[in-house]
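These notes concern the structure reproduced below.
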Amino acid sequence: MKRKWFYIILCLVLLTGCWDQRQFKDIKLVLAIGFDQNENGEIQETVTIPTIQRSGDGPTSELIKVVTTSADTPREARDYTDQMVAESFDPSKSKIILLGEALAKDSIQPVFDQFYRNPNNNLNAYIAIIDGKAEDAIRLTPNNETSFSNYASGLLEGLVKSTHSTGENIETLHGELLEPGVDFAVPLLKVEEEKELLNFIGLALFHNDAYSGVYIPAHHTSLLMLLEGRRGKITSITEKVADEEENHVRKYITVRVMKNVHDIKVKVNGDQVTANINVNLKVRVVEYPRNHLTDKKTIKKLNKKLSELLTEHSKEVIAKVQEANSDVFYIGRKVHAYHPEYWNKVNWEEEFPNINIVPDVKVKIIQYGVIS
């Protein structure tokens with residue numbers, strides 16, 4: 001009998017519930033947050049807050065409210081927003097954080113400080129830069145979309161799957177912001193007001209915690225990802241491989257990367273750093289109107305042409321990276337780890353734009369599609 005009461009008391013102790021629970025009826029979920037810098041240097045915060053409306057026994061509808069506040073700090077702006085809405089401001093379900101271009105060029109670390117200090121914040125929220133003001137993006141009402149947050153987060157998820165972006169979020173960004181010799185790139189979006197849509201125009205290159213103002217154009221972002229050793233579920237590349245054709249479409253080939261092998265070797269010789277980036281791609285042809293892919297000479301010619309073109313384009317991408325002084329290849333980390341004597345005697349921020357980065361991309365066609 002005593003043992004029975006012991007187990008009953010034990011169960012009561014274990015089933016008392018969560019001490020830090022938050023009732024849904026007491027909070028207002030914020031699903032998208034945008035930060036801008038106004039003319040006075042203050043932080044301007046714009047948020048979307050959904051409210052579910054019920055009409056009797058009929059279907060429910062969602063009303064999206066957009067609130068903008070300005071303050072000296074992001075946390076103060078959040079407090080002002082909290083004072084303007086019913087219940088309590090809760091960013092724990094935020095799907096996306098947008099940063100205006102002016103703010104990003106200044107510094108983004110102060111904006112994210114509040115996210116790292118509050119355990120209720122969602123560290124998996126996607127990050128993107130807006131070419132212009134984040135507020136303009138947040139206030140978009142895309143057609144055929146349930147909400148802006150779903151639209152924008154879906155857009156960024158698609159960029160990751162198609163190898164156009166790394167999918168940077170608040171959590172992964174933390175280490176890159178603080179570690180020397182490491183930089184990053186995040187999607188750069190432009191507001192198409194007439195179409196009520198966001199347009200992906202490239203990857204914004206960061207140096208330390210500020211946007212450099214230099215970006216990799218959208219048609220070369222997949223190549224940058226491959227040079228970094230990253231690949232999403234789908235990686236398609238289109239290149240012009242013929243000049244003699246009269247028909248414009250016949251000049252091009254589109255391939256899909258089936259396998260990629262990436263290797264980067266860093267050497268320090270005296271005061272000169274050389275980084276060799278080798279990328280081997282095995283691809284499948286998904287579009288080639290000229291056909292005749294059963295001919296071994298044609299395949300060999302295409303392999304050579306694609307290798308030359310992608311290597312040349314890689315040099316253009318690397319030139320942009322060094323112009324931005326953005327070490328997205330983590331070369332500084334390797335120098336720091338394996339050549340500490342050189343690292344300690346130089347200023348890496350001054351050295352990186354002048355080091356030799358040599359790309360070598362090899363392409364091999366392994367599948368030709370159903371039609372040869």
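Selection within segment 192-209: residues that are modelled with pLDDT under 95 and touching a helix residue (DSSP H, G or I) at 6+ places or on another chain (Cβ under 7 Å). The member of this set that is nearest to Leu224 (Cα to Cα) is Asp209. Reported count of residues in segment 336-372, each being part of a helix (DSSP H, G or I) and in contact with a strand residue (DSSP E or B) (Cβ under 6 Å, 6 or more places away or on another chain), is 1. For segment 192-244, give me each residue that is buried (at least 22 other Cβ atoms within 10 Å of the Cβ), polar (S, T, N, Q) and not in a helix (DSSP H, G or I). Of everything in segment 192-244, just one residue is buried (at least 22 other Cβ atoms within 10 Å of the Cβ), polar (S, T, N, Q) and not in a helix (DSSP H, G or I), namely Thr235.
Every condition in (1) closer than 19 Å to Gln322 by Cα; (2) at pLDDT 95 or above holds for Asn280 except the one numbered (1). One residue alone among Lys25, Lys4 is at pLDDT 65 or above, out of contact with any Pro (no Cβ under 7 Å at 6 or more places or on another chain) and in a helix (DSSP H, G or I), and that residue is Lys4. Looking at segment 100-145 only, could you name the residues that are farther than 17 Å from Pro50 by Cα, touching a residue at least 12 places away in the same chain (Cβ under 8 Å) and of a type in the set (Lys, Arg)? Of everything in segment 100-145, those that are farther than 17 Å from Pro50 by Cα, touching a residue at least 12 places away in the same chain (Cβ under 8 Å) and of a type in the set (Lys, Arg) turn out to be Lys105, Lys133.
Quick grid of which residues meet (1) closer than 23 Å to Asn347 by Cβ; (2) assigned to a strand (DSSP E or B); (3) not β-branched (Val, Ile, Thr):
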| residue | (1), (2), (3) |
| --- | --- |
| Leu281 | no, yes, yes |
| Ile299 | no, no, no |
| Ile318 | yes, no, no |
| Phe329 | yes, no, yes |
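Restricting to segment 152-185, count the residues that are not charged (D, E, K, R) and not in a helix (DSSP H, G or I). Residues that pass the stated criteria total 12.
For residues that are of a type in the set (S, T, N, Q) and closer than 18 Å to Ser92 by Cα, scanning just segment 143-157, find the one that is surrounded by the fewest Cβ atoms within 10 Å (Cβ to Cβ). Restricting to residues being of a type in the set (S, T, N, Q) and closer than 18 Å to Ser92 by Cα, the top hit is Asn150. Out of the residues in segment 44-74 that are closer than 25 Å to Ser107 by Cβ and in contact with a Lys or Arg (Cβ under 9 Å, 6 or more places away or on another chain), which is modelled with the lowest pLDDT? Only one residue tops the list, namely Thr48. Does Val361 satisfy the condition of being among the β-branched types (Val, Ile, Thr) and either surrounded by fewer than 18 Cβ atoms within 10 Å (Cβ to Cβ) or modelled with pLDDT under 95 (or both)? So Val361 does not fit the description; no. Scan segment 247-286 for residues that are surrounded by 12 or more Cβ atoms within 10 Å (Cβ to Cβ), without any contact (Cβ under 8 Å) to a residue 60 or more places away in the chain and more than 18 Å from Gly232 (Cβ to Cβ) and jot them down. Residues satisfying the conditions are Arg250, Lys251, Tyr252, Ile253, Lys267.
Only one of the numbered conditions (1) assigned by TED's automatic domain parsing to the domain that holds Ile97; (2) under 13 Å from the mean Cα position of the chain (by Cα) is not met by Met225, and that is (1). When we screen Ile138, Ile108, Ile129 for residues that are assigned by TED's automatic domain parsing to the domain that holds Gly167 and over 17 Å from the mean Cα position of the chain (by Cα), the only hit is Ile138.
Every residue, every condition in (1) assigned by TED's automatic domain parsing to the domain that holds Ala102; (2) under 11 Å from the mean Cα position of the chain (by Cα); (3) in contact (Cβ under 8 Å) with a residue 12 or more places away in the chain, yes or no:
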residue: Ser147; (1), (2), (3): yes, no, yes
residue: Gly154; (1), (2), (3): yes, no, no
residue: Gly158; (1), (2), (3): yes, yes, no
residue: Glu171; (1), (2), (3): yes, no, yes
residue: His174; (1), (2), (3): yes, no, yes
residue: Val182; (1), (2), (3): yes, no, yes
residue: Lys190; (1), (2), (3): yes, no, yes
residue: Glu196; (1), (2), (3): yes, no, yes
residue: Gly229; (1), (2), (3): no, no, yes
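Scoring Glu308 on the criteria (1) surrounded by 15 or more Cβ atoms within 10 Å (Cβ to Cβ); (2) without any contact (Cβ under 8 Å) to a residue 60 or more places away in the chain; (3) under 17 Å from Lys362 (Cα atoms) leaves a single failure, condition (1).
The values are calculated or read from the model by the stated rules, or taken from the named source; none is laboratory data. Bear in mind that the values here come from a model prediction, so they are computed numbers and not experimental data. Glycine gets a Cβ as well: all are built from the backbone with ideal geometry, and neighbour counts include every protein chain shown.
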